[in-house]
Structures are given as structure tokens and as C-alpha cells.
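Below is one structure; the comments refer to it alone.
Computed from the coordinates by the stated procedures, all read-outs in this text should not be read as laboratory data. It should be emphasised that the depicted structure is a prediction, and the values quoted were computed from it without experimental measurement. Every residue, glycine as well, gets a Cβ built from its backbone with ideal geometry; the counts of neighbours run over all protein chains shown.
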Amino acid sequence: MPILITGVTGFVGQALSNKSAHYGFPVRGALRKPGDSSSNFQRIVMGEINGETVWLNAFQDVDVVIHLAARVHIMHDDSSDPLTEFRAVNTAGTAHLARSAAAAGVKRFVYVSSIKVNGEATHGTHKFAESDQPAPQDPYGISKYEAEQALQCIAQETGLEVVIVRPPLVYGAGVKGNFAQMLKVVSKSVPLPFASIKNLRSFIYVENLVDALIVCATHPNAAGQTYIVSDGEDISTPDLLRQFATAMNVPCRLFPCPPGLLRCAGSLIGKSAQVERLLGSLQVDSGKIRRELNWQPPYTLQQGLQATVQNQPIFK
């Protein structure tokens, strides 16, 4: 089963190409520019992904496209019109890729969307599910939701088997952003004011995600479906930090501080969104993919966190 992977040199893409090669699936990787030296996939340089990308030579003998490439969420976006920028890549680029794939005879299109399509936070006992009314709140989430809508229309018009996957935050060795920053801070045993936080958040280990993507690419029952995926174990911010510390064999120094005070401090320094991700809850229900595709994550949350710490480049 030949697979075309976009975003193949990224954090998830590298793990996916390795997993695909492990299963014996020939992989073609769509690159923005030459220079990648990986030997486990065939390289094809496509340039920037947008509504005008020429995909003509990309689909030869390809059965499945797994679309990872995207304009990702940017913490300090200086664009004068972020939504237009996100739409150009994530919406128009995705729709154009899918139409081109359908015209070339590709059978299935697996789209990695985002839990941000559902919203930014959950409250009480509610967990985000596929049946929820989408409520994206930022340009990135909106562009991803609009891409999902476009794909569903393309599927109806062309018969392309579309599978949409919405992961929460993905972690693993090589992870960047806030997750990597937390690892660095914990490694230095810096005292942190999170002992009183009682939130719960869902995550997915990168190896669990790519395993789910392979199942979505191959299982006959996945066609036309949307799936939320996760490790299946939710964890609070304090417990996450304690797990990090245990894996690093360093003390975890947490002290209590009222959440309201932390939110106020975040607002004063212009980091409300980052603080809210540490204090708030975001839980997902990944039961649908388990029931319909008989998928189970190969690794537990604890195993994923331990592997992340042991193989994170900053600790080597």
C-alpha cells in the first residue's frame, strides 16, 4: 500500500514514515525543498502547500495520502491577517491536495486535523467527542474546521474516502513548544506554583498517534469517519510535572498558589493563553475509534512520558 505523506520531515511525519516502513508500506514524502537525507522514503519536492501547488507527479502508484503538513499555531504571530494566512495553507491547500488526489485515483485521504476544532477547553465532566458541535476559537482552529468541511464535500463529489483525525497535544522525543519548556524547567528542579491545580488534560504520545493513523489508512470501516484520538488516560498539570521529575530522577518542587492569582499574573504579562493551558482542563473521549476500528494505543501515558524524557535531545 504506497502512501504519500505530507509534512514527512516534521515531528509526527518522521515517526509516521518510520512506522509505515516498519509495516512494509512504501512511503513517498512530499517536501517543501530539497535537502532531506532520510532513506526510508522516496522524496518528492513540491514547494509550498497552498491552493496552487502542482501535485501532478506526486500520486503515481499512491493508494493513500496522509496529510500532516499545516501552518501550525504560532504563539507570536505578527501577520496582519492571521486567518487569511492559515486558510491559504490549511484550508485551500488541503482542499486542493484532496481534489488533486481524487482526480489521480487515490483511494483514501487521512487528514490530521486538531482538537481545536472542538474548542479550547472542557468543563466539569464533559469530554470532547466527535458528536459535539464544532467551536473553534482561533484562526488555526477555524482553518482546520473549514478544511474538514471542504474534505467532506470533496468526498461526496468524488468518492474519495476521507478520514479525519483530531488529536490533542502530541508529545514524544523531539517535542517542542510548551511541552519541551516544561521538561527543561522540571529538569532544573525550579519551584513551580501548581500544587493546587486540579485540572485534567488529554494527550497523545506520538507513537500512539502514528499507529492510529496507520489504522485509519487501512481499516475498511474508517472511510468517511472522524475520530478523536488520545492515550486514553487524562492527567493533571501537577501530576504531569511529577511524572517528568520521576522519569528524570530529580525532585519535583511544587507549591500552592490560587489559580485566580496565576491567571491574573498571566494576563499582566500577556501570556493568558499559555497559563490557561496549564490551569484549565481539556479532556477528550477517544472511545469511537476504539469501538469502530478496534484500536488500542500501543503505549500507556506513563510509557510515553518516560520515553519522551529518556530520548529528548536536550537531555542527551
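For (1) surrounded by fewer than 22 Cβ atoms within 10 Å (Cβ to Cβ); (2) in contact (Cβ under 8 Å) with a residue 60 or more places away in the chain; (3) touching a strand residue (DSSP E or B) at 6+ places or on another chain (Cβ under 9 Å); (4) hydrophobic (A, V, I, L, M, F, W, C), each residue gets a yes or a no:
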residue: Leu200; (1), (2), (3), (4): yes, yes, yes, yes
residue: Val206; (1), (2), (3), (4): no, yes, yes, yes
residue: Ala212; (1), (2), (3), (4): no, yes, yes, yes
residue: Thr218; (1), (2), (3), (4): yes, yes, yes, no
residue: Asn221; (1), (2), (3), (4): yes, yes, no, no
residue: Ile228; (1), (2), (3), (4): no, yes, yes, yes
residue: Ile235; (1), (2), (3), (4): yes, yes, yes, yes
residue: Cys264; (1), (2), (3), (4): yes, no, no, yes
residue: Gly270; (1), (2), (3), (4): yes, no, no, no
#### Entry: Index of the failed condition, Ala180 passing every other in (1) in a helix (DSSP H, G or I); (2) more than 22 Å from the chain's Cα centre (by Cα); (3) surrounded by fewer than 17 Cβ atoms within 10 Å (Cβ to Cβ); (4) of a type in the set (Gly, Ala, Ser)
(2)
### Query
What is the residue count in region 133-174 for residues that are touching a strand residue (DSSP E or B) at 6+ places or on another chain (Cβ under 9 Å) and not in a strand (DSSP E or B)?
11
#### Entry: Test: residue in region 218-240 that is of a type in the set (S, T, N, Q), closer than 24 Å to Val185 by Cβ, out of contact with any helix residue (DSSP H, G or I) (no Cβ under 6 Å at 6 or more places or on another chain) and part of a helix (DSSP H, G or I)
no
#### Entry: Subset of region 241-271 (residues that are in a helix (DSSP H, G or I) and either under 17 Å from Val309 (Cα atoms) or in contact with a Pro (Cβ under 7 Å, 6 or more places away or on another chain) (or both))
Leu241, Arg242, Gln243, Phe244, Ala245, Thr246, Ala247, Met248, Leu262
## Note on the structure
Scanning region 3-27 for residues that are free of Cβ contacts under 8 Å to residues at least 60 places away in the same chain and β-branched (Val, Ile, Thr), the one farthest from Val110 (Cα to Cα) turns out to be Thr9
### Residue in region 102-117 that is closer than 21 Å to Ala273 by Cβ, among the hydrophobic types (A, V, I, L, M, F, W, C), in contact with a Lys or Arg (Cβ under 9 Å, 6 or more places away or on another chain) and surrounded by 20 or more Cβ atoms within 10 Å (Cβ to Cβ) present
yes
### Query
Which one of these does Ala147 not meet: (1) surrounded by fewer than 20 Cβ atoms within 10 Å (Cβ to Cβ); (2) touching a helix residue (DSSP H, G or I) at 6+ places or on another chain (Cβ under 6 Å); (3) closer than 22 Å to Gly10 by Cβ?
(1)
